[in-house]
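To start, the structure under review is shown below, and the notes come after it.
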Amino acid sequence: VGDQRLTMSTDAGDRCVDARGADIFLVDDSGGSLESTRGSLADLEPGQDINVFGTEGVGGCLVASTILASTIPASL
């Protein structure tokens, strides 16, 4: 994560994501129901599971409109 851009690892390889202006939600489903709170780019951590929704930008970066980030560590 850095400078409003992040690198997302996918099955097809790494993807550049432009997160400027994206709505970021921290999602927790550990209690049997789905709960979310609004977050910021600073809340995202390396290795965290995320889903990114947006459009292809010039230069191959995905321009994110919404990012959903799991609050459960990927290792669990």
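Numbers for the structure displayed
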read-out	value
Only listed residue being in a strand (DSSP E or B) and under 14 Å from the mean Cα position of the chain (by Cα), chosen from Gly47, Gly21, Gly54	Gly54
Selection count where residues are open to solvent by 80 Å² or more (accessible area, probe 1.4 Å) and closer than 18 Å to Thr7 by Cβ, scope the range 21-48	3
Any hit, the range 8-15, residues being on the phi > 0 side of the Ramachandran plot and part of a strand (DSSP E or B)	yes
Test: Asp11 is open to solvent by 60 Å² or more (accessible area, probe 1.4 Å) and in contact with a Ser or Thr (Cβ under 9 Å, 6 or more places away or on another chain)	no
Lone unmet requirement of (1) without any contact (Cβ under 8 Å) to a residue 12 or more places away in the chain; (2) not in a loop (DSSP other than H, G, I, E, B); (3) not basic (Lys, Arg) for Ser33	(2)
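The values are calculated or read from the model by the stated rules, or taken from the named source; none is laboratory data. As the structure is a prediction and not an experimental result, all values here were calculated from the model. FYI the Cβ positions are ideal-geometry reconstructions off the backbone, even for glycines, and counts take in every protein chain you see. Surface accessibility is based on the protein's heavy atoms, side chains included, excluding ligands, DNA and RNA. Shrake-Rupley method; radii C 1.70, N 1.55, O 1.52, S 1.80 Å.
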